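Notes follow the structure.
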Amino acid sequence: ASGEVGEGRVAEPEDIFEVACKVIGRGGPLDGLRVVITAGGTREPIDPVRFMGNHSTGKMGAALARAARDLGADTVLVHAPLAVHPPGGVSLVPVRTAQQMYTAVMEELPQTDVLIGAAAVADYRPKDSVDYKLKKSPKQQVISLERTPDILHEVGRQRGESSPGPRLVIGFAAETNDLEANALDKLERKNLDLVVLNDVSAPDSGFAVDTNRVTLFERDGNREAWPLMSKDEVAQAILQRIVARLGRLDWKTSQSKALDDSPEN
């Protein structure tokens with residue numbers, strides 16, 4: 001057979017639905033804006049078969065990417081390894097380590113209108129990873145650690161100095177203790193506009209579950225505790241807050257009026 005004629009593989013229904021959502025979202029309140037979202041848990045190599053990581057699945061970040069896409073945003077998902085299928089209709093930038101995620105975000109930054117840092121980025125990495133598998137030894141193994149680049153802190157620093165940066169920068173605070181104090185510290189120290197706090201020690205709002213219970217802290221002092229919701233519902237609510245912060249609540253109304261007032265009409 002020539003291969004020019006024959007049975008073709010139909011796309012999965014889920015993939016067709018994802019693309020349809022992107023098409024439907026065109027003309028939405030975030031149309032024309034670029035939203036960059038980080039997701040997943042970074043992996044810092046110890047040797048070729050072992051790494052330092054965390055329990056993040058990327059569910060929250062993937063939900064945020066879907067929500068941004070559905071509102072018409074040009075959506076970029078910079079993601080470490082995910083335990084969920086990444087959404088269709090968004091630009092995917094796969095990475096593994098904190099350094100790779102830092103580099104990818106910095107490359108996207110000049111074109112970014114909204115940055116949402118939902119990834120669980122490692123704070124430390126092995127100082128000296130090796131290119132061979134470490135073997136068991138009767139001696140105790142000691143792994144020296146060094147800091148990884150702080151993505152949101154660097155974005156906040158740039159916003160406060162040489163460049164305006166994204167119009168909105170949002171971070172997540174996944175905490176287990178001193179919840180409010182840690183969230184407010186992150187808001188201030190990283191020059192964020194909004195922090196989304198969640199208690200990852202709670203069984204219904206931690207990693208690898210489909211629900212989340214969050215509290216929003218905004219730079220103007222506003223705080224708002226939300227009830228338990230699915231991560232998709234949380235993502236949609238966060239994106240609606242972004243729409244409001246950007247002053248685009250009446251976007252469709254203003255666009256319709258502009259069309260009605262145009263000379264062609």
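Here are some notes:
- The residues of region 201-237 that are in contact with a Phe, Trp or Tyr (Cβ under 9 Å, 6 or more places away or on another chain) and assigned to a strand (DSSP E or B), listed by number, are Asn212, Val214, Thr215, Leu216, Arg223, Glu224.
- Of all residues in region 193-210, none are within 26 Å of Met106 (Cβ to Cβ) and surrounded by fewer than 18 Cβ atoms within 10 Å (Cβ to Cβ).
- The set of residues in region 164-192 that are part of a loop (DSSP other than H, G, I, E, B) and loosely packed, with under 15 Cβ neighbours inside 10 Å comprises Pro164, Thr176, Asn177, Asp178.
- Candidates are the residues of region 96-114 that are of a type in the set (A, V, I, L, M) and over 13 Å from the mean Cα position of the chain (by Cα); the one that is nearest to Phe51 (Cα to Cα) is Ala98.
- Any hit, region 126-138, residues being under 16 Å from Thr38 (Cα atoms) and either acidic (Asp, Glu) or surrounded by fewer than 21 Cβ atoms within 10 Å (Cβ to Cβ) (or both): no
- Within region 136-167, the set of residues being within 13 Å of Asn191 (Cβ to Cβ) and touching a helix residue (DSSP H, G or I) at 6+ places or on another chain (Cβ under 6 Å) comprises Ile151, Gly165.
- Phe172 within 18 Å of Thr38 (Cα to Cα), of a type in the set (Phe, Trp, Tyr) and touching a strand residue (DSSP E or B) at 6+ places or on another chain (Cβ under 7 Å): yes
Laboratory data are not the source of any read-out in this text; all were calculated from the coordinates shown. It should be emphasised that the depicted structure is a prediction, and the values quoted were computed from it without experimental measurement. Glycine also receives a Cβ, built like all others from the backbone with ideal geometry; neighbour counts cover every protein chain displayed.
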